[in-house]
1. With the calculation restricted to Cα positions, what are the radius of gyration and Dmax of segment 26-133 in angstrom?
2. Tell me what the chain gives for mean residue ellipticity at 222 nm when only DSSP H runs of n ≥ 4 count, each as -39,500 (n - 2.57), the sum divided by the residue total, rounded to 500 deg cm²/dmol.
3. Ordered by packing density, taken as the mean number of other Cβ atoms within 10 Å over each peptide's residues, highest first, how do 237-244, 215-222 rank?
4. Kindly state, to the nearest 0.05, the FRET efficiency for VAL171 paired with LEU268, given R0 = 22 Å and r defined as their beta-carbon distance.
5. Of the lysine pairs in the chain, how many meet both conditions: Cα atoms under 19 Å apart, and a spacing of 8 or more in sequence or different chains?
6. In nm, to one decimal, how far is the modelled label at LYS135 from the one at GLU255, with both set 7 Å along Cα→Cβ?
7. Over all Cα pairs of segment 149-198, how is the pair count split among 10 Å bins, expressed in % and running from 0 up to the last occupied bin?
8. State, to one decimal in nm, how far the label point of GLN152 lies from the label point of CYS67, with both points 7 Å from Cα in the Cβ direction.
Amino acid sequence: MKSDESPKRENARGGKKGKGAQISLDASKNRRGLAETMCASAKEAFEEGDFDDAFETYQRALKLEPCSVDARVGVGRIWLEFGEYERAYEEGDRAVKLDSGRADAFELRGHAERFLERYDRAIRDYDRAIELDGKAYVAYYGRAIAYDMLGQTDAALEDFRRCLTLAPEFVSAYYDRGVLLANENRLREAVDDYTKALERDPEFAHCYVARGEAYAELGDPKRALRDFNAALELEPENPDAYYYRATAYKQLGDERAAKRDLQLARELGFNEETDA
């Protein structure tokens with residue numbers, strides 16, 4: 001009787017692994033592998049702009065593997081796209097707590113903090129992301145914007161430079177650096193950055209508007225007019241393009257066209273008080 005019972009006691013105490021333990025281990029590996037496959041599929045959908053499909057797939061991965069950092073980061077990025085910044089922050093925070101060595105987790109949390117206008121906290125997260133991955137160009141980009149919002153222009157420009165050194169085709173970095181430079185009245189440099197952005201993305205309508213504004217302020221209404229027209233070809237109901245084209249028409253002495261464009265801008269919802 002004792003010899004029959006001893007193996008049971010040994011299994012109960014974990015002295016030997018039985019078939020049940022091996023099956024459980026295999027099942028866990030299978031769940032993890034399937035979750036990884038789902039995350040890869042969701043990432044592909046995300047990159048193609050199919051956020052709903054990506055979200056659903058990431059959620060399925062999380063049901064299989066709740067501790068999947070890839071899935072947490074993926075879901076957080078989709079919340080950012082949906083404008084749900086608190087939810088994005090929560091996913092980023094979970095991802096950081098699951099793996100404090102993941103640069104993308106800190107980067108995600110930094111983005112959420114930035115959109116929530118918690119700029120100092122965003123910078124700390126971007127700092128950590130960059131410490132973990134010196135090639136994290138999107139973290140440099142996010143930190144540049146946070147520095148700009150805090151009025152730290154030199155730091156912002158340095159981070160834009162680092163970002164574009166790592167990713168010279170990154171359109172948004174050229175555009176946002178152009179906006180910063182225009183706000184600093186460095187209009188020629190702003191035009192250069194807007195031009196680089198448009199060379200890489202000729203259908204970036206608002207970049208045409210921004211460059212047109214810069215040309216108008218530089219006293220070159222003809223070039224400004226060409227940019228505003230290009231923006232309106234891409235987006236015929238862009239209120240900003242109509243509003244600022246009115247400025248170019250005024251500079252050219254065409255008051256009738258200027259009045260028409262101002263009226264169209266207002267009808268399309270342009271808020272002159274917000275712009276002031």
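Every read-out reported here was derived from the displayed coordinates using simple, explicitly stated rules and does not represent laboratory data. Here the structure is a predicted model, which is why all the values come from computation and not from measurement. Cβ sites come from the backbone with ideal geometry, for glycine too, and all protein chains shown count toward neighbours.
1. In Å, with Rg to one decimal and Dmax whole: 13.7, 45.
2. On the way: 16 runs with 219 residues, N = 276.
Computed ellipticity for the chain at 222 nm equals -25500 deg cm²/dmol.
3. Working: 237-244: 21.5, 215-222: 16.2.
Result, highest mean Cβ count within 10 Å first: 237-244, 215-222.
4. Numbers: r = 25 Å, r/R0 = 1.14.
E(calc), rounded to 0.05, equals 0.30.
5. Pairs that pass both the separation and distance tests number 12.
6. Output for this residue pair reads 6.1 nm.
7. Per 10 Å bin, starting at 0, the Cα pair percentages come out as 29, 59, 12.
8. That separation, rounded to one decimal, is 3.5 nm.
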